[in-house]
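The values are calculated or read from the model by the stated rules, or taken from the named source; none is laboratory data. Keep in mind that this is a model prediction, so the values were computed, not measured. Here the Cβ positions follow ideal geometry from the backbone for every residue, glycine too, while neighbour counts run over all protein chains shown. Each accessible area value is taken on the protein alone, full model and side chains, heavy atoms only, with ligands, DNA and RNA left out. Shrake-Rupley method; radii C 1.70, N 1.55, O 1.52, S 1.80 Å.
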Amino acid sequence: MTTVCVAGATGWAGRAVAEAVLTSADLVLGGAVSRSAAGRDLGEAWGQAPVGVTVVGDVAQALAGIDVLVDYTAPGSTRGHAMAAITAGVHVVIGTSGLSASDFADIDAAARAAGVGVVAAGNFSLTAALAQAAALLAARFLPQREIIDYASAGKPDSPSGTARELAERLGEVSMHPLVVPVAETLGYPEARGAGIGGTQVHSLRLPGFVLSTEVIFGQPDERLSIRHDAGSSATPYVAGTLLAVRAVPSVVGLIRGLDTLLLRD
């Protein structure tokens, strides 16, 4: 049995993951973190019957007896949560978006030094992971590409963690200079998007979207578009998160991207 603590257990994705852990035959929910519900039973915080897990307000208070910390909180908190868990010898699964490549490099170094595993993904949907794997394969042969990141009007971070992770990882596969550098663009250069890992990323924030990521590869007289669209529930992220929870105890250091975990053998 693997004992799991979910940070962000009263949030949109964290709650769905915690509920799935509670009903799993091989996982035990041993802790829950939520500042807004600290001191309450987690089930009661959800407006349901008690589940026997008391919510705490700080990750450091929740790590005793925990094998894996799952983080679905906020970018400003996640790095600290991961480092606290690593220091305590606890494996980590990160579903929170917004961390930088530098953050992940530091987390990887700390995890290797402590002999624990970390699996981080901007999107734990299995279909999103396969879309990313297809894009990384295409980038080996089609270096010219741009990314369009779609999300709801209220999403605070830009680009999404999914788009940011994809751009950074595409840059590890291939690089191609822009025909017209952004600095030489006439008119409004900012309209060309943000350069991330050598790829221009454009973020749309409009009602009607939940989260969609599209990468477009261009060749003379042809294009290839790979796009993933998410629905309005957290259900797509649960299976991938639990897959990572079960796999991370066998990992040392950071595995970035659910696709990497799925295809590592």
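Phi angles of the stretch 178-189 translate, via the Karplus equation with coefficients 6.51, -1.76, 1.60 and θ = phi - 60°, into HN-Hα couplings of 5, 4, 10, x, 4, 5, 9, 6, 7, x, 10, x Hz per residue; Gly and Pro are given as x. Overall form of the stretch 135-265: oblate. Here a/c, set by the Cα gyration tensor axes a ≥ b ≥ c, is 1.5 or more, and a/b is not larger than b/c. With R₀ fixed at 30 Å, the C-beta to C-beta distance from Leu206 to Glu172 puts the FRET efficiency at about 0.50. For the options Ile216, Ile86, Ile107, a Gaussian network treatment of the chain with springs between C-alpha atoms closer than 10 Å singles out Ile216 as fluctuating the most.
Under a Gaussian network description of the chain, with springs only between Cα atoms under 10 Å, the residue in Ala111, Ala247, Ala120 that fluctuates furthest is Ala247.
Placing Arg205, Arg227 in order of accessible area, with the largest value first and a 1.4 Å probe, yields Arg227, Arg205.
Each residue of the stretch 83-92 is assigned a 3J(HN,Hα), and the resulting list reads 5, 5, 5, 4, 4, 7, x, 9, 5, 9 Hz, derived from the Karplus form 6.51 cos²θ - 1.76 cosθ + 1.60 (θ = phi - 60°), x at Gly and Pro.
For the pair Thr235 and Ala191, label points projected 7 Å from Cα toward Cβ lie 4.1 nm apart.
Relative contact order, whole percent, for the chain stands at 21, derived from Cα pairs under 8 Å and 6 or more residues apart. Accessible area per residue for the chain is 45 Å², calculated with a 1.4 Å probe on protein heavy atoms, without ligands, DNA or RNA. Largest accessible area first, the residues Arg223, Arg40 order themselves as Arg223, Arg40 under a 1.4 Å probe with ligands, DNA and RNA left out. Checking (i) 1.00; (ii) 0.96; (iii) 0.93 against Rg/Rh (Cα atoms, Kirkwood Rh) calculated from these atoms, the matching label is (i).
Here the chain has 55 percent of its accessible surface on carbon and sulfur atoms, given a 1.4 Å probe and all protein chains in place. Couplings 3J(HN,Hα) of the stretch 213-224, computed from phi: 10, 10, 10, 10, 9, x, 10, x, 6, 7, 9, 10 Hz, in residue order, whole Hz [Karplus 6.51 cos²θ - 1.76 cosθ + 1.60, θ = phi - 60°; x for Gly and Pro]. For Leu211, the residues whose modelled amide H falls within less than 5 Å of its own, excluding neighbours fewer than 5 places apart on the same chain, are Ala230. At full extension, Ala49 and Ser100 could sit 14.5 nm farther apart than now, given 0.36 nm per residue minus the alpha carbon distance. Given R0 = 25 Å, the distance between the Cβ atoms of Glu184 and Ser152 translates into a calculated FRET efficiency of 0.15. Would you mind checking the tilt of helix 235-247 against the longest principal axis of the Cα atoms of the chain, expressed as 0 to 90 degrees and rounded to 10? That helix lies at roughly 70 degrees to the long axis.
Solvent-accessible area of His228, all protein chains in place: 30 Å² (probe radius 1.4 Å, heavy atoms, ligands and nucleic acids excluded).
Between the C-alpha center of the stretch 65-95 and that of the stretch 151-200 there is a gap of 28 Å. Solvent-accessible area of Arg264, all protein chains in place: 110 Å² (probe radius 1.4 Å, heavy atoms, ligands and nucleic acids excluded).
Put Thr54, Thr2 in order of accessible area, highest first, and with a 1.4 Å probe you get Thr54, Thr2.
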